[in-house]
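One structure is given below, encoded as structure tokens.
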Amino acid sequence: MKGLFNNVRGDLTGGLTAGIVALPLALALGVASGLGPMAGLYGAIAVGFFAALLGGTPSQISGPTGPMVVVLAGLFASLSGDLGLIFTAVMLAGLLQIIMGFTGVGQYIRLVPYPVISGFMSGIGAIIIILQLGRLMGHEPPGGTMGALIYLPTALADIDFVTLGLGLGTLIIAYKWPAKLGKIVPGALAALIIGTLVSLSLETPVLGDIPTGLPELHMPVFDQSKALLVFEAAFILAILGAIDSLLTSLVADNMTRTRHDSNKELIGQGVGNTVAGLIGGIAGAGATMRTVVNIRSGGKDRLSGMVHALVLLAIVLGLSPLAAKIPHAVLAGILVKVGLDIIDWSYLKRAHTGPRWDFALMLLVLGLTVFVDLITAVGVGVVLAALAYVKQVAQLQLDEVKKIPDTLQDPEEDALLKQTKGKVQIFSFGGPLSFGAAADLGHHVREKVSRGSSALILDFSRVPTMDVSAAMAVETITSDAKAAGRQVLMCGAVEAVNTVLNNINAHQSGVTVCATRKEALAKAVEMVNQPGKAEGSGSATQHLASV
């Protein structure tokens with residue numbers, strides 16, 4: 001494969017380091033999902049290998065991530081631990097991502113506004129922390145975010161201080177591990193090892209027996225009564241995995257000065273998740289922290305991601321019995337760090353200096369993520385952000401209606417306009433006209449039409465595109481003008497605009513269509529100066545309203 005062995009030494013070093021960093025996270029996220037530590041490792045191996053082999057971001061490391069685990073944990077609770085259906089949802093999510101890649105959906109996912117991404121990522125971080133608070137205090141809270149929050153007073157009333165100390169100690173080591181030592185042993189791995197060694201002299205719950213060897217195949221299963229729940233979870237996993245992966249791809253692009261292929265990346269992620277479901281692994285996506293570690297350690301090409309997966313496979317085949325001694329409190333401490341790292345602190349610190357609407361949108365998405373569900377949060381966030389943008393663009397278009405020069409810049413056109421003796425008004429529409437401005441377009445034109453005018457010229461020479469809503473607004477303008485006894489002329493419309501206007505009958509009978517504004521003015525002069533051609537009377541100031 002092209003570029004696979006261009007950076008062997010750096011890719012081996014980066015992949016080995018990323019694999020070591022991924023070990024405690026895969027174990028912890030597997031436990032958090034409800035499917036167990038080995039499901040986390042199998043997911044890291046499958047997604048990590050195939051996303052690197054077939055994906056579109058050579059330096060990216062993929063595996064279990066916080067957003068995916070939050071969805072899987074909710075699905076685990078909803079399906080009462082039915083592994084067959086859960087792994088079917090993971091496979092289906094992978095197939096959806098493959099379809100998204102082949103249909104070019106990747107380029108649209110990148111259009112999700114930053115406040116929405118920040119809100120749901122911070123919400124996911126908050127969910128991970130909330131789910132671990134009870135475990136840090138020596139309890140096993142009921143499933144779900146609300147269940148964990150409701151259970152919190154009970155946990156606070158009966159704290160196991162040994163477990164709490166072990167979990168907090170693990171968290172402190174993970175955060176405060178010296179950077180120099182981190183080049184040899186990553187902080188998360190050091191916290192895992194030290195916390196486990198300390199726990200050997202304590203009585204605290206541990207993972208227990210973990211199966212070793214190669215995984216078993218889990219073929220897809222179908223249950224009609226649970227089909228909607230499985231498909232909904234698969235859809236959420238596919239979308240969140242795509243967003244998570246493509247955001248990490250952007251980080252990798254900035255660090256390596258390269259450009260990823262978003263659709264190819266989705267195909268690679270999809271194949272990885274499909275295989276993960278088949279071998280009993282949890283769903284994964286591009287992992288930002290592991291990708292950064294890989295790049296900083298010298299990894300640049302897809303070989304590094306494949307090496308990372310093979311390192312984890314070697315651990316699964318030979319070291320599983322050692323993982324049985326890892327305490328739940330240690331993994332809870334590591335997961336709290338994962339949650340804290342996911343929260344978008346950089347934006348929260350600067351949010352008060354930016355637009356209030358964006359900050360409010362971020363908080364809304366965060367709240368919906370924590371207290372409702374992820375798909376609702378993202379859907380509501382995207383819709384509100386899109387409506388706000390449409391409103392801004394529409395206002396810019398409508399504000400132009402106030403700009404009314406007294407004369408035209410072209411001398412010949414200005415001379416023709418003066419010959420009309422104030423009986424002709426020109427409305428020059430500018431920019432793409434869409435549904436955002438359509439509602440008020442006719443109102444703004446009616447406000448500026450003088451009673452004494454006998455003809456209107458609608459100039460579309462500066463309009464590159466127009467949608468049906470705007471075309472319907474134009475039809476209303478022409479109908480109102482004709483009902484008032486005024487002649488209507490249209491000019492300057494490009495072929496695309498003409499097609500839309502014709503399709504909704506804006507070029508109705510009685511409307512004169514001209515190629516240029518100069519031609520329209522010449523015809524208007526003939527109309528207003530010929531008896532019976534124009535009904536308006538009186539004199540009015542000439543206007544050029546620029547919409």
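The values are calculated or read from the model by the stated rules, or taken from the named source; none is laboratory data. The model shown is predicted, which means the values in this text are computed figures rather than measured ones. Here Cβ is always computed from backbone atoms with ideal geometry, including for glycine, and neighbour counts include all displayed protein chains.
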Residues in the stretch 125-148 that are aliphatic (A, V, I, L, M) and surrounded by fewer than 18 Cβ atoms within 10 Å (Cβ to Cβ) total 1
Review point. Does any residue of the stretch 72-82 turn out to be charged (D, E, K, R), at pLDDT 85 or above, surrounded by fewer than 24 Cβ atoms within 10 Å (Cβ to Cβ) and in the same structural domain as Ser249 (by TED's automatic domain parsing)?
Key: yes
Just one listed residue, out of Leu303, Leu237, is farther than 24 Å from Thr103 by Cα and either out of contact with any helix residue (DSSP H, G or I) (no Cβ under 6 Å at 6 or more places or on another chain) or buried (at least 22 other Cβ atoms within 10 Å of the Cβ) (or both), and it is Leu303
When you look at Ile193, is it part of a loop (DSSP other than H, G, I, E, B), among the aliphatic types (A, V, I, L, M) and under 21 Å from Ala18 (Cβ atoms), yes or no? no
When the stretch 235-266 is checked residue by residue, the ones that are in contact with an Asp or Glu (Cβ under 9 Å, 6 or more places away or on another chain) and aliphatic (A, V, I, L, M) are Ile236, Ala242, Leu246
Taking the stretch 450-462 and keeping only residues that are surrounded by fewer than 21 Cβ atoms within 10 Å (Cβ to Cβ) and outside any strand (DSSP E or B), one is left with Ser450, Arg451, Gly452
Taking the stretch 365-387 and the residues there that are touching a residue at least 60 places away in the same chain (Cβ under 8 Å) and over 19 Å from Leu111 (Cα atoms), the one that is surrounded by the most Cβ atoms within 10 Å (Cβ to Cβ) would be Thr369
Checked the stretch 297-321 for anything closer than 21 Å to Lys180 by Cα and either free of Cβ contacts under 8 Å to residues at least 60 places away in the same chain or not assigned by TED's automatic domain parsing to the domain that holds Ala39 (or both); matches are none
Reported set for the stretch 487-538 where residues are within 14 Å of Ser453 (Cβ to Cβ), among the small types (Gly, Ala, Ser) and at pLDDT 85 or above is Ala524
**Message:** For the structure I just gave you, tell me whether Gly104 is among the small types (Gly, Ala, Ser), within 22 Å of Gly81 (Cα to Cα), surrounded by fewer than 19 Cβ atoms within 10 Å (Cβ to Cβ) and out of contact with any strand residue (DSSP E or B) (no Cβ under 7 Å at 6 or more places or on another chain).
**Reply:** no
Scanning the stretch 55-93 for residues that are under 12 Å from Asn273 (Cα atoms) and among the aliphatic types (A, V, I, L, M) gives Met68, Ala89, Val90, Met91, Leu92, Ala93
Hey, Thr196 in the same structural domain as Leu335 (by TED's automatic domain parsing) and either in contact with a strand residue (DSSP E or B) (Cβ under 9 Å, 6 or more places away or on another chain) or of a type in the set (Lys, Arg) (or both) or not:
yes
If we keep only residues of the stretch 149-164 that are aliphatic (A, V, I, L, M) and under 25 Å from Ser199 (Cα atoms), then the residue surrounded by the fewest Cβ atoms within 10 Å (Cβ to Cβ) is Ala157
Of the residues in the stretch 279-300, those that are surrounded by fewer than 22 Cβ atoms within 10 Å (Cβ to Cβ) and either charged (D, E, K, R) or under 17 Å from Leu54 (Cβ atoms) (or both) come to Ile279, Arg296, Lys300
Among (1) outside the structural domain of Leu29 (by TED's automatic domain parsing); (2) more than 17 Å from the chain's Cα centre (by Cα), Trp345 falls short only on (1)
Residue set Ala252, Ala287; condition in contact (Cβ under 8 Å) with a residue 40 or more places away in the chain and either under 22 Å from Leu374 (Cα atoms) or among the basic types (Lys, Arg) (or both); output residue Ala287
Restricting attention to the stretch 182-200, the residues that are buried (at least 19 other Cβ atoms within 10 Å of the Cβ) and closer than 17 Å to Arg296 by Cα number exactly 3
By residue number, the members of the stretch 387-446 that are closer than 21 Å to Val513 by Cβ, modelled with pLDDT under 80 and among the charged types (D, E, K, R) are Asp410
